[in-house]
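Report on the structure given below.
The values are calculated or read from the model by the stated rules, or taken from the named source; none is laboratory data. What you are looking at is a predicted structure, and each value in this text was computed from that prediction instead of being measured. Every residue, glycine as well, gets a Cβ built from its backbone with ideal geometry; the counts of neighbours run over all protein chains shown. All accessible areas refer to the heavy atoms of the entire protein, side chains included, with ligands and DNA or RNA removed. Shrake-Rupley method; radii C 1.70, N 1.55, O 1.52, S 1.80 Å.
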Amino acid sequence: MVTRHTGPVLEQAIASVLAQRGTFEFILVNNGNSQEVESGLVERFKDSPNVRLMTGHGDIGLVPGRNLGARVASGSHLLFVDDNCILPDDALTTLCLEAENKEKSFILAARLVDEKGQEKESSRLRVLTPLVAFINKLRLASFLPAYQTSLYHTPLSEKTVPVPAVGGAFM
C-alpha cells in the first residue's frame, strides 16, 4: 500500500488489511505524507514484525512507490491495494483460493464498490487505445458504448471472468 495525503480513510484501510486472516507481509510505503502522519506510522508499526514501513524517500509517485514496495516483498503473491480501499472480511482468503486454480502468471482484481455499494467505474476496464481515449476525452462514449473505457455498465458475473484490463486500486 502506497500512502500519500490520504486523510482519515487511511486508518480504516490499514485496519482492514491487518484484520485479514492468514499469514502475510504488509508493506506500507509512506510517499510524501506530512511529518505528523509519518511519525504516527513509524510509532505505530515500530514493533510490528509483519508490517514493513518504508519511509524517507520523499514523494516519488504512486508507481515508483509500488515498485519500491514490490522489490522488498518476500511472498509468492503480491497484492497492490490503494490507501483508500476498505477490504471486506476474508478478501485475502478469497483471493488466495482463487489464485490456487491459476496455472500461469495472472492478475486478479476485484469488483470495487463505493460506500453505497455501487460499482466504481474503474473496476472493469477496456484496453485503453488512442481511439478509446479520444472518444472518451470528447465525452462521446455515451453515444458510442463500444468505446467506453469502463465495463461497469455491463452485466456482472458471479464467477471470476477475464476482463481486458483492471484498475490498479486492487490487483
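Rundown of residues vs (1) at positive phi; (2) within 17 Å of the chain's Cα centre (by Cα); (3) surrounded by 12 or more Cβ atoms within 10 Å (Cβ to Cβ); (4) at pLDDT below 80, yes/no style:
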| position | (1), (2), (3), (4) |
| --- | --- |
| Ala91 | no, yes, yes, no |
| Ser122 | no, yes, yes, yes |
| Leu125 | no, yes, yes, no |
| Arg139 | yes, no, no, no |
Quiz item: Has segment 152-164 got any residue that is in contact (Cβ under 8 Å) with a residue 40 or more places away in the chain and within 25 Å of Met1 (Cα to Cα)?
Solution: yes
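For segment 71-125, name all the residues that are hydroxyl-bearing (Ser, Thr, Tyr), assigned to a loop (DSSP other than H, G, I, E, B), more than 17 Å from Ile27 (Cβ to Cβ) and touching a residue at least 24 places away in the same chain (Cβ under 8 Å).
Of everything in segment 71-125, those that are hydroxyl-bearing (Ser, Thr, Tyr), assigned to a loop (DSSP other than H, G, I, E, B), more than 17 Å from Ile27 (Cβ to Cβ) and touching a residue at least 24 places away in the same chain (Cβ under 8 Å) turn out to be Ser122, Ser123.
Is one or more of the residues making up segment 157-171 of a type outside the set (Phe, Trp, Tyr), within 26 Å of Leu78 (Cα to Cα), touching a Lys or Arg at 6+ places or on another chain (Cβ under 7 Å) and at pLDDT below 80?
No - not one qualifying residue is present in segment 157-171.
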Self-check item: Subset of segment 32-48 that is part of a loop (DSSP other than H, G, I, E, B) and over 21 Å from Ser74 (Cβ atoms) - its residue that is modelled with the lowest pLDDT
Solution: Gly32
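Considering each of Asn31, Asn84 in turn, give the residue that is under 17 Å from the mean Cα position of the chain (by Cα), closer than 13 Å to Arg4 by Cβ and either open to solvent by 50 Å² or more (accessible area, probe 1.4 Å) or among the aromatic types (Phe, Trp, Tyr) (or both).
On the way: Asn31 fails: either open to solvent by 50 Å² or more (accessible area, probe 1.4 Å) or among the aromatic types (Phe, Trp, Tyr) (or both).
Going through Asn31, Asn84 in turn, just one is under 17 Å from the mean Cα position of the chain (by Cα), closer than 13 Å to Arg4 by Cβ and either open to solvent by 50 Å² or more (accessible area, probe 1.4 Å) or among the aromatic types (Phe, Trp, Tyr) (or both): Asn84.
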Quiz item: Applying the selection to segment 5-23, what residues are modelled with pLDDT of 90 or more and part of a loop (DSSP other than H, G, I, E, B)?
Solution: Ala19, Gln20, Arg21
Practice problem: Could you please let me know if Thr3 is open to solvent by less than 60 Å² (accessible area, probe 1.4 Å), among the hydroxyl-bearing types (Ser, Thr, Tyr), farther than 20 Å from Val166 by Cβ and out of contact with any Phe, Trp or Tyr (no Cβ under 6 Å at 6 or more places or on another chain)? | Solution: yes
Quiz prompt | Filter pass, Phe24 being open to solvent by 40 Å² or more (accessible area, probe 1.4 Å) and closer than 23 Å to Asp89 by Cα | solution = yes
Self-check item: Residue satisfying all of: in segment 148-159; open to solvent by less than 80 Å² (accessible area, probe 1.4 Å) and touching a helix residue (DSSP H, G or I) at 6+ places or on another chain (Cβ under 8 Å); nearest to Leu125 (Cα to Cα) among these
Solution: Thr149
Quiz item: Just wondering, is there one or more residues in segment 54-75 that are closer than 19 Å to Ala110 by Cβ, modelled with pLDDT under 90 and of a type outside the set (Lys, Arg)?
Solution: yes
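For (1) under 15 Å from the mean Cα position of the chain (by Cα); (2) open to solvent by 50 Å² or more (accessible area, probe 1.4 Å), each residue gets a yes or a no:
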residue	(1), (2)
Asn67	yes, yes
Cys96	no, yes
Glu115	no, yes
Val132	no, no
